[in-house]
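Below is one structure; the comments refer to it alone.
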Amino acid sequence: MRAMLLERPGTRLRLVHRAVPEAGAGQVLIAVEACGVCRTDLHLVDGELPDPVLPMIPGHEIVGRVVALGTGVQGWQAGQRVGVPWLGWTCGRCRFCRAGRENLCEQARFTGYQIPGGYAQYTVADARYCFALPEEPAPEHLAPLLCAGLIGYRALRMAGDPQRLGVYGFGAAAHLITQVARRQGREVFALTRPGDAESQAFARSLGAAWAGGSDETPPEPLDAALIFAPAGALVPAALRHVDRGGCVVCAGIHMSDIPSFPYAWLWGERSLRSVANLTRRDGDEFFELVRQAPLQTEVHVFALEQANEALDQLRRGAFQGAAVLRMDVPV
Ligand SMILES: [Zn+2]
Ligand SMILES: [Zn+2]
């Protein structure tokens, strides 16, 4: 099979040819149809995540078809459409796992970070952490749901019940979660890079009541703000625009340092928190919601061999929505 391999952080991914992996006990072998390119992949490639397992095939927004079942796998059959998310394995025994907080498992392993991921024609995954996906829409439109959608959904849930929701960084996660928030009757205020008129227009087209630069003041105080951009300076900026009792949620796995700010900006029972990973329950809830009413996904399709180009474009903010690799697209 063809795969894109990260050998060392700070270097380009390299196209390699490898044997198709075999499904071990409890695993499914998956023919990958599409794999989303997430900002976390960029952090991995740029050496911003601790203790990477190398070499590694990145990719944790995997959509494919089950090809074969390892021993002991139940509830799956060959040909079924399957999704593989970031959370690839948990211990099931630690105090977090036992408390329904497997996203915080101390021994958790993550797809495309500690477990070979989806920048490849085939992959294997622990069947217990996979999600059954619908036949529609096309795989490239399902792929961004596996992380951008799921983490966005968890971030929104952690924000409580905001009427006025601010969203900082209008990329893959924001464009999905804006639609979810609108359906729930919330007002969305999108804050993009200053001067990024294209992203602001994109946000308005998805139902944002207002869109402006992150250096601007939204027209009304926010009840909560979700930060999807990896810029620590957005934390005090968001706190300043969140009303008393409001919450700022940092949804990314990596962020630049947060500048110091006056305590008064936190005072008034404002809270600041991060969201880490996902639980399988998040996935069950989110995909149920998507089944009831599909989300509109804006995607930019690349061939597997163009993974470096997709990462470069993500870094530059060169497109709206999400980048997705499709394994059957010729270069
Ligand atoms: Zn655990
Ligand atoms: Zn991700």
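The values are calculated or read from the model by the stated rules, or taken from the named source; none is laboratory data. Quantities reported herein were computed from a predicted structural model and do not represent experimental measurements. Note that we place each Cβ from the backbone using ideal geometry, even for glycine, and neighbour counts take in every protein chain shown. For the accessible areas, the whole protein counts, side chains as well, though only heavy atoms, and no ligand, DNA or RNA atoms are used. Shrake-Rupley method; radii C 1.70, N 1.55, O 1.52, S 1.80 Å.
Per the Debye calculation on region 136-193 with a single equal scatterer at every Cα and no solvent contribution, log₁₀ I(q)/I(0) for q = 0.12, 0.21, 0.25 Å⁻¹ amounts to -0.27, -0.78, -1.02. Note on E7 and L104: with the Förster distance fixed at 41 Å, the Cβ-Cβ geometry gives a FRET efficiency of about 0.85. Taking Y168, Y153 and ordering them by how much accessible surface each has at a 1.4 Å probe, largest first, produces Y153, Y168. Summing Cβ point charges (Lys, Arg +1; Asp, Glu -1) relative to the Cα centre of region 89-130 gives a dipole of roughly 200 debye.
Sorted from largest to smallest, which semi-axis lengths in Å does the alpha carbon gyration tensor of region 234-277 give for its equivalent ellipsoid, taking the root of 5 times each eigenvalue? Could you put the intermediate results ahead of the total?
Working: eigenvalues 67, 32, 11 Å².
Each semi-axis is √(5λ); the values are 18, 13, 7 Å.
Dividing the alpha-carbon radius of gyration of region 287-331 by the rule-of-thumb value 2.2 N^0.38 Å gives 1.37.
Here the Debye sum runs over all C-alpha atoms of region 186-331 as equal scatterers in vacuum, and log10 of I(q)/I(0) at q = 0.08, 0.12, 0.17 Å⁻¹ comes out as -0.28, -0.64, -1.20.
Under a model in which nothing but the beta-carbon of Lys, Arg (+1) and Asp, Glu (-1) is charged, region 63-143 shows a dipole of about 400 debye around its Cα centre.
Using a cutoff of 8 angstrom between alpha carbon atoms and counting only pairs six or more residues apart, the relative contact order for the chain works out to 18 percent. Result for the chain in a Gaussian network model with C-alpha springs under 10 Å: among G26, G152, G112, the largest mean-square fluctuation is at G26.
With the other protein chains left in place, how much accessible area per residue, in square angstrom, belongs to region 205-268 at a 1.4 angstrom probe? Walk me through the intermediate numbers first.
On the way: 2990 Å² over 64 residues.
Roughly 47 Å² per residue, with all protein chains present.
Once you compute Rg and the Kirkwood Rh from C-alpha atoms, what is the Rg to Rh ratio for the chain? The Rg/Rh ratio comes out at 0.96.
In whole percent, how big is the carbon plus sulfur part of the accessible area of region 240-317, probe 1.4 Å, protein atoms only?
Here carbon and sulfur together make up 47 percent of the probe-accessible area.
Here the dipole of the chain is about 600 debye; that uses its Cα centre as origin and unit charges on the Cβ of Lys and Arg (positive) and Asp and Glu (negative). Only beta bridges with both residues in the chain are counted; by DSSP, about 50 percent of them are antiparallel.
In loop segments of region 222-317 as defined by DSSP, the chymotrypsin sites (Phe, Trp or Tyr not before Pro) with at most 15 further C-beta atoms inside 10 Å of their C-beta are W267. So the label point goes 7 Å from the Cα of D328 along Cα→C-beta, right? Which residues of region 1-42 then have their backbone N under 13 Å from it? The answer is 31-34, whose backbone nitrogens lie closer than 13 Å to the label point.
The H on the amide N of L222, modeled in the peptide plane, is under 5 Å from the matching H of V242, D243, each at least 5 residues off or on a different chain.
Put a dot 7 Å past the Cα of R183, heading toward its Cβ, do the same for Q296, and the two dots end up 1.4 nm apart.
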